[in-house]
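The structure under discussion appears below in the form of structure tokens.
The values are calculated or read from the model by the stated rules, or taken from the named source; none is laboratory data. All of these numbers come straight from a predicted model, not from anything done at the bench. Note: ideal-geometry Cβ built from the backbone for every residue, glycine included; neighbour counts use all protein chains shown. Just so you know, the surface numbers come from the protein's heavy atoms only, side chains and all, with ligands and any DNA or RNA stripped out. Shrake-Rupley method; radii C 1.70, N 1.55, O 1.52, S 1.80 Å.
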Amino acid sequence: MTAAEHPPEPPWWTPPKNSGPRRSLTRATILAAARPILRAEGIDGLSMRRLATELGTGPASLYAHVANKDELLDLLFDQVAGEIPLPEPDPARWREQFTALWTAAHETLMDNGDIARVSLGRVPLGPNSMRAAETTVVILRGAGIPPQPVAWALDAVPLYVAASAVENAIGVAQARVGNPPEEHYARVAEYFAALSPTHYPLMSGMARELAEGGRTERFAFGLDLLVRGLESHIAPQG
């Protein structure tokens, strides 16, 4: 593979170290041990000490491979990002490909606890994240969308996808402690149904629509709004 197919890691990441006959601990083994904890207990349940115990070593042993928890989370996020299937861009199918890519990203994030939190408030710059970003840019630029809207889409779209995945993770965590989100949304639906026409003349007539649709349908609707917004930046063919 070419260098372009293997983007460099951010220079501030701890360089990976090869395992030897007296070194069984590697970045790969650390991440492999972290993933089940992340899925089961989320970011707050994952610590360097907990991870060291899982690996049968001391926390100090981990720091030769991972600088701290923040770097561990960056590495985990990028590993997850590497599991998102990326299409071979086809300008004639840009809407379908863009939608499929970011729907898959949403599903992949939801399968990994609340790892999507890592992307909120900072820019993921790992090689897999950058590969997904580059593929997105190729798809959108191939559709004829100018550079500036494409650049800002790289902020708006992942933000929407990550926020939705985090919301799902919150619901999963609430269900674990006996507060299933279905009960909350049922109460919300009842509240909408009881809205006063005097105070909410339009929303009171939309009670059914306000409560309609599950997470999948609502996510797809929001992503479609973003696609339509991006499409509006394509210059008409003269």
Return only the number of the condition from (1) open to solvent by 60 Å² or more (accessible area, probe 1.4 Å); (2) within 15 Å of ALA116 (Cα to Cα); (3) in contact with a helix residue (DSSP H, G or I) (Cβ under 7 Å, 6 or more places away or on another chain) that GLY42 does not satisfy. (1)
In contact with a Pro (Cβ under 9 Å, 6 or more places away or on another chain) and surrounded by fewer than 19 Cβ atoms within 10 Å (Cβ to Cβ): does that describe ARG131? no
Pairs returned, first residue in segment 85-96 that is more than 18 Å from ARG131 (Cα to Cα), second residue that is β-branched (Val, Ile, Thr) and open to solvent by less than 100 Å² (accessible area, probe 1.4 Å), beta-carbon separation under 6 angstrom, 6 or more apart or interchain, are ARG95/VAL227
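Each row is one residue, and each column tells you yes or no for (1) among the basic types (Lys, Arg); (2) in a loop (DSSP other than H, G, I, E, B); (3) more than 25 Å from the chain's Cα centre (by Cα).
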| position | (1), (2), (3) |
| --- | --- |
| GLY178 | no, yes, yes |
| PRO197 | no, yes, yes |
| TYR200 | no, yes, yes |
| GLY205 | no, no, yes |
| ARG218 | yes, no, no |
| ASP224 | no, no, no |
| GLY229 | no, no, no |
Regarding segment 135-153, can at least one residue be identified that is more than 11 Å from the chain's Cα centre (by Cα), open to solvent by 70 Å² or more (accessible area, probe 1.4 Å) and of a type in the set (S, T, N, Q)? yes
Can you work out which of the residues in segment 65-84 that are surrounded by fewer than 19 Cβ atoms within 10 Å (Cβ to Cβ) and in contact with a Ser or Thr (Cβ under 8 Å, 6 or more places away or on another chain) is nearest to ARG131 (Cα to Cα)? GLU83
